[in-house]
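First the structure, in the form of structure tokens, and then the observations on it.
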Amino acid sequence: MSVLTFNAGPPSRLESVPVPQPPVGIEIFLEDAEGIHIRWNRTSRYEVQLWDDDAEDWGDSEFVDQPQYTFKGLEVGKVHLFRLRGWSKLFGPGEWSNEMKLIPSEPPPPPAPTPEPLTFTEGTEYTRNASWDWPYDDRSSALLILQGANGGQGGQGGGGGEGANRGAGSDGSPGNAGLAGGSSTVVVSNDTYTGPGGGGGSGGAGGAGGGRSVSGNPAGDPGCIGSTGSLPYAVTEIVTGLSKGDTFQVRIGQPGAGGGGGAGGAGGRGSEQNWNTQSGDPGTAGAAGSAGQAPGRVRIVPLG
């Protein structure tokens, strides 16, 4: 175990500086593939120790400057104890915290990798509806790369209403979600191949109502802006058994519309104990979200 010693400072000037108290608010806030993460309320520098259930004493100390620490490589199902204490640069360590128990579980599986968007680098690309006839008599298959359109942005939440004297306006309504982007499709010999569109963004939360002022009628806070619609990924399909003159009907997905803005909150009435009993002004409605920025696209790549 590491041992640190400190020289005493001038007593009259430094006696009022407290030795760090045991950290409080200790909690295990996450267990993932990296390890078990703990955190606590900030005080100063920290010393962390671990004790396995088959060890004779506490393990070596680890010192950290942030109010959190990750225990890595702990054996699954084995009981471990940990404790920690704060350090003062002038007076050294404070009191140890209570001992806390750790029993690691099996780590979660790694997240599935996010697929990389396909590149549209070969063949013929379409960004508008079209009809195309297969011109080859020596090729019988094609690769389709299909991508739908972007989803629309969610609408802005409505503003909260104003409150009259000693009243409070009600909160604005949340905005509506944006619409999903349209799918792009190719129809060949009554077979349909589809590239889905991106999802619509969520509507923004409504603004809080204003008011509760004796001398004024403050306006409610504006609502949040909705999130942007998600981008679609391209998908691939193989078309086989083609003959010269077979027709490809290409239909391009259109961007999703933005969600409508939320309604403004109602103005609050004044207190009945006050001469001003009129209602405050309602909040303003939120703005509609913008439509998705890009239509879908399709590429047809002849194969041998």
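Structure summary
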quantity: Single residue of Gly289, Gly283, Gly220 found to be out of contact with any strand residue (DSSP E or B) (no Cβ under 7 Å at 6 or more places or on another chain), modelled with pLDDT under 70 and either assigned to a loop (DSSP other than H, G, I, E, B) or not basic (Lys, Arg) (or both); calculated: Gly220
quantity: Considering residues of region 31-47 that are touching a strand residue (DSSP E or B) at 6+ places or on another chain (Cβ under 8 Å) and farther than 24 Å from Glu106 by Cβ only, the residue surrounded by the most Cβ atoms within 10 Å (Cβ to Cβ); calculated: Tyr46
quantity: Given (1) more than 18 Å from Gly182 (Cβ to Cβ); (2) open to solvent by 30 Å² or more (accessible area, probe 1.4 Å); (3) at pLDDT 85 or above, number of the condition Ala208 does not satisfy; calculated: (3)
quantity: Matching residues, region 230-265, being within 30 Å of Ala287 (Cα to Cα) and touching a strand residue (DSSP E or B) at 6+ places or on another chain (Cβ under 6 Å); calculated: Pro232, Ile252, Gly253
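The rows are residues; the columns are (1) modelled with pLDDT of 75 or more; (2) assigned to a loop (DSSP other than H, G, I, E, B); (3) touching a Phe, Trp or Tyr at 6+ places or on another chain (Cβ under 8 Å).
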{"site": "Pro20", "(1), (2), (3)": "no, yes, yes"}
{"site": "Arg42", "(1), (2), (3)": "no, yes, no"}
{"site": "Glu47", "(1), (2), (3)": "yes, no, yes"}
{"site": "Gly86", "(1), (2), (3)": "yes, no, yes"}
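The values are calculated or read from the model by the stated rules, or taken from the named source; none is laboratory data. Keep in mind that what you see is a predicted model, and the values were worked out from it rather than measured. Cβ sites come from the backbone with ideal geometry, for glycine too, and all protein chains shown count toward neighbours. The accessibility values were calculated without ligands, DNA or RNA, using every heavy atom of the protein model including side chains. Shrake-Rupley method; radii C 1.70, N 1.55, O 1.52, S 1.80 Å.
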